[in-house]
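Participant: One structure, as structure tokens, below. Some questions next.
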Amino acid sequence: MNMTSLLIYCFIVTFTPGPTNIVILSTVHNAGAKKAMEYTYGATIAFGLLLVISAMLNTMLITVIPKILIVMQIIGSFYMFYLAYQIYKADTSKSTVNQTASFLSGFLMQFLNPKVVLFTLTVIPSFVMPHYISTSMVTISVITITLIGFLAFITWVLFGKIFKDSLQKHNKIVNVLMALFLAYSGIMIWL
């Protein structure tokens, strides 16, 4: 397994602006870090649950239909290229909408967030299952990816104002670098 590509993919998808991270950032600014942490806990638990569901479904599918892995790798690669394009053209200077943040809203947001749903459906079959299908390795991968997601959420909480200002100041450079790293991860699935 190419750990570098997996880690780059996980870090880029979880740390770059998306619906969950933007709500966390907005909550820090409008309601404080304590309220943002409440939202973060809900988002993290749902993120991990989505990874578990994905791993279970993919494990069942790969044992029943081994060729599905190739399809999932193709979908995963194209999704990464799509995300790279979205990050490249993203405009993070637009203001965010203030939303009520709670544990439940953080939890539910993950199931409605296409970035998270597509990520959780593609990361395990694209990076882990081509090399490992044992329950222990898949479990370790789910836990590791969940922790990376939690670290990303915490980063947005702790450095909310600083991170937002920095992103806005160097928006284009950050987006280009993140897009290039993500495209690299998409290519590395096949090498």
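Computed from the coordinates by the stated procedures, all read-outs in this text should not be read as laboratory data. As the structure is a computational prediction, the values presented were derived from the model and not from experiment. Note: ideal-geometry Cβ built from the backbone for every residue, glycine included; neighbour counts use all protein chains shown.
Participant: Work out the FRET efficiency for Thr144 and Val176 from their Cβ-Cβ distance, taking R0 = 30 Å, and round it to the nearest 0.05.
Facilitator: 0.60
Participant: Anything over 25 Å Cα to Cα? Flag those among Lys35/Lys115; Lys89/Lys115; Lys34/Lys172; Lys115/Lys172, in the order listed.
Facilitator: Lys34/Lys172
Participant: Mind listing the long-range amide H neighbours of Ser102? Cut-off is under 5 Å, sequence gap 5 or more, other chains count too, H placed in the peptide plane at 1.01 Å from N.
Facilitator: Placed amide hydrogens put nothing under 5 Å from Ser102.
Participant: Moving on. How far apart, in nanometres, would the label points at Ala33 and Ser136 be if each is projected 7 angstrom from Cα along the Cα-to-Cβ direction?
Facilitator: Modelled inter-label distance: 3.9 nm.
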